[in-house]
Amino acid sequence: MKKINMILMLLLAAATLQLQAQERYLDMIFDNYEVETQFYGTNVTVLTVPLTGEVTLRPLAIDIYTPPEEDMETNRPIVLYFHTGNFLPHPANGSTGGTMKDSTVVEIASRLARMGYVCGVVDYRKGWNPLAATQEERTNTLINAAYRGVQDSRTAVRYFKKTVAEEGNPWGVDTTRIVAWGQGTGGYISFATATIDQYLDIVLPKFIGQDITGDGQPDPMVLLPIHGDPDATTFGINPLNGDTLCVPNHVGYDSDIDLAVNMGGAMGDTSWLDASDPPFISFQVPTDPFAPYEEGILIVPTTNEQVVEVQGAYTVQSKAHDLGLNDIFITADFQDEITMVANSRNDGLEGLYPLIGSNPLDSGPWEWWDPATNENHDNGIMTNMDMSPEKARTYIDTIMAYYAPRACAALFLPCSPVGTQEALLDAKEVGLILAPNPAIEEVRLQTNAAYPVKDLLLYDISGRLVQTQFNLFENNIVVPREDLPSGMYFARLRFEDKGSLVQKIIFK
């Protein structure tokens, strides 16, 4: 009952669309933040193989950013942030970034903490062979590196769910509101974390390689008994040498997230997308020379070699739109200036912000680094010629301004999710009558003559939009069950120029 009341409260808050100055989750309401390093799990790294000839078990670190101690909120949404870096350690990756302490990482994580979020910057495992002689070997080793990244991201999700259930929630997080946010390479992780439902999702023709099991048939590049399951909740053991390649972490908790954010990455395959996935927000420069904006071959900056065909932000957001995953953004009807700019570029794909770089090669205009200490400065400056903290922060300003209200809507946070105002009405005020409720086939809604219903939007208990009726202007409305499963739903009624209200509906 407590969870249901919370969802209803959040829906009511979402309907109360009032612009306020310095609002939690929209603005940086705190002047500072706190950060500490913890370990969210343990798993096997392949980085030691070239040096020692064997894999090694290693702890998985996470930097946890929180609002300052005076913050009294103890039920805060959490963002798990995955940095860039080509799935190789810095500086061997040839990139100016690739660590938990990258300038952009710290900037965004600290902003989120000052906005009232908890943000966990996740150190995930790396290691593959970009110098392999064949594309198949490059693809094989990279796919396995990405797979380990997804295992680690899901381990981090379960770590926080475990700390809430078993350790008294030490960081004050709400594990029903988890965001996976990936930057560059990390975008591949956030997308895959949100969409891979089972091991068979990755058994695709482009991820099939040589025969390694000895049965004379080509094998998937990722094998469940060898590499473990996508959640890292099973052991993976290489039968050829006995190496353990995956150890279970936090078994018994789910790995579900509630919103995925991609900043310059792509998706391994859009066949992973289905109607059960969360909403998606993407930022990408359409002229990105490394990750395709639509569909193309991934090119790793380290060597400029082709690796595997992937789908970029435009293609991902297009399919998410077709599946209705981002309907929550559409019905929120954002009217702010940032939205207007995005909509002038995104072909109507709400949740997609095409950023314009300062030159055609500028794939990460949100990045900056110290030229005096960064070993790969010369590589970075080739594509980000006018790199500076001021430039990067300007792009980050735009990213945060686009993200924040959409997160309010997608996570049902108690903040104003759109740029328009709409009053919250009382059921008695509009003379609302619902009958029958609970219902088996349909619910009838009636309002008094002064309050004709303009629009009706029906959400399930997880906040997913499941039914809409627009431009009604009627006082008697029927909500048909259609093929909806038994359970509780929330009907949001909108009245032209008068406001809205949310009412609970139950189908038996």
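The values are calculated or read from the model by the stated rules, or taken from the named source; none is laboratory data. Keep in mind that this is a model prediction, so the values were computed, not measured. Note: ideal-geometry Cβ built from the backbone for every residue, glycine included; neighbour counts use all protein chains shown.
If you scan the stretch 485-495, which residues turn out to be touching a residue at least 60 places away in the same chain (Cβ under 8 Å) and either in the same structural domain as residue 327 (by TED's automatic domain parsing) or in contact with a Leu (Cβ under 6 Å, 6 or more places away or on another chain) (or both)? Passing the criteria: 490, 492, 493.
Pairing residues of the stretch 386-404 that are assigned by TED's automatic domain parsing to the domain that holds residue 102 with residues that are of a type in the set (Lys, Arg), at Cβ distances under 8 Å and at least 6 apart in sequence or on separate chains, gives 396/111; 400/111. Against the test of being over 21 Å from the mean Cα position of the chain (by Cα) and under 30 Å from residue 259 (Cβ atoms), the options 392, 401, 410 yield a single qualifying residue, 392.
Scan the stretch 248-265 residue by residue and report those that are aliphatic (A, V, I, L, M) and over 21 Å from residue 82 (Cα atoms). Scanning the stretch 248-265 gives a single hit, 251. If you check 232, 145, 260 for being within 26 Å of residue 49 (Cα to Cα) and in contact with a Ser or Thr (Cβ under 9 Å, 6 or more places away or on another chain), only one passes: 232.
The rows are residues; the columns are (1) within 28 Å of residue 158 (Cα to Cα); (2) surrounded by 16 or more Cβ atoms within 10 Å (Cβ to Cβ); (3) among the aromatic types (Phe, Trp, Tyr).
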{"site": "208", "(1), (2), (3)": "no, no, no"}
{"site": "225", "(1), (2), (3)": "yes, no, no"}
{"site": "232", "(1), (2), (3)": "yes, yes, no"}
{"site": "251", "(1), (2), (3)": "yes, no, no"}
{"site": "254", "(1), (2), (3)": "yes, no, no"}
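The set of residues in the stretch 96-140 that are among the hydroxyl-bearing types (Ser, Thr, Tyr), surrounded by fewer than 19 Cβ atoms within 10 Å (Cβ to Cβ) and modelled with pLDDT under 95 contains only 134. The set of residues in the stretch 436-484 being touching a residue at least 24 places away in the same chain (Cβ under 8 Å), in a strand (DSSP E or B), of a type in the set (A, V, I, L, M) and within 19 Å of residue 329 (Cα to Cα) consists of 456, 457, 458, 465. The residues in the stretch 456-489 that are touching a Lys or Arg at 6+ places or on another chain (Cβ under 6 Å) and buried (at least 19 other Cβ atoms within 10 Å of the Cβ) can be counted, and the count is 1.
Within the stretch 312-325, can one find any residue that is surrounded by fewer than 20 Cβ atoms within 10 Å (Cβ to Cβ), within 30 Å of residue 221 (Cβ to Cβ) and among the small types (Gly, Ala, Ser)? Looking for residues that are surrounded by fewer than 20 Cβ atoms within 10 Å (Cβ to Cβ), within 30 Å of residue 221 (Cβ to Cβ) and among the small types (Gly, Ala, Ser), one finds at least one in the stretch 312-325, hence yes. Taking residue 301 as the residue in question, decide whether it is at pLDDT 95 or above, more than 12 Å from residue 187 (Cβ to Cβ) and either in the same structural domain as residue 175 (by TED's automatic domain parsing) or surrounded by 20 or more Cβ atoms within 10 Å (Cβ to Cβ) (or both). For residue 301, the condition - at pLDDT 95 or above, more than 12 Å from residue 187 (Cβ to Cβ) and either in the same structural domain as residue 175 (by TED's automatic domain parsing) or surrounded by 20 or more Cβ atoms within 10 Å (Cβ to Cβ) (or both) - is not met. How about the stretch 435-452: which of its residues are closer than 11 Å to residue 478 by Cβ and either at pLDDT below 90 or not small (Gly, Ala, Ser) (or both)? Those that are closer than 11 Å to residue 478 by Cβ and either at pLDDT below 90 or not small (Gly, Ala, Ser) (or both): 441, 442, 443, 444, 445, 446. From the list 384, 343, 374, the lone residue that is at pLDDT 95 or above and farther than 17 Å from residue 291 by Cβ is 374. Just one of the listed residues (117, 124, 147) is among the aromatic types (Phe, Trp, Tyr) and in contact with a Gly (Cβ under 7 Å, 6 or more places away or on another chain), namely 124. Within the stretch 332-382, the set of residues being surrounded by fewer than 21 Cβ atoms within 10 Å (Cβ to Cβ) and part of a helix (DSSP H, G or I) comprises 337, 338, 340, 341, 343, 377, 378, 379, 381, 382. Identification of helices (runs of 4 or more DSSP H) wholly contained in the stretch 126-244 with 2 or more residues that are free of Cβ contacts under 8 Å to residues at least 12 places away in the same chain yields 135-166. Each residue in the stretch 253-291 was checked for being in contact with a helix residue (DSSP H, G or I) (Cβ under 8 Å, 6 or more places away or on another chain) and part of a loop (DSSP other than H, G, I, E, B), and 20 of them qualify. Of the residues making up the stretch 465-508, those that are β-branched (Val, Ile, Thr) and under 12 Å from residue 439 (Cα atoms) are 478, 479, 505, 506. Scan the stretch 312-331 for residues that are in a loop (DSSP other than H, G, I, E, B) and more than 19 Å from residue 289 (Cα to Cα) and the total you get is 3. Among residues of the stretch 336-356 that are within 17 Å of residue 409 (Cα to Cα) and in contact (Cβ under 8 Å) with a residue 40 or more places away in the chain, those with a beta-carbon under 8 Å from a residue that is of a type in the set (A, V, I, L, M) and part of a loop (DSSP other than H, G, I, E, B) at least six positions away or on a different chain give the pairs 336/418. Taken across the stretch 74-92, residues that are under 14 Å from residue 33 (Cβ atoms) and out of contact with any helix residue (DSSP H, G or I) (no Cβ under 9 Å at 6 or more places or on another chain) do occur, with at least one present. If only residues of the stretch 147-180 that are of a type in the set (Gly, Ala, Ser) and surrounded by 20 or more Cβ atoms within 10 Å (Cβ to Cβ) are counted, the one that is nearest to the chain's Cα centre (by Cα) is 180.
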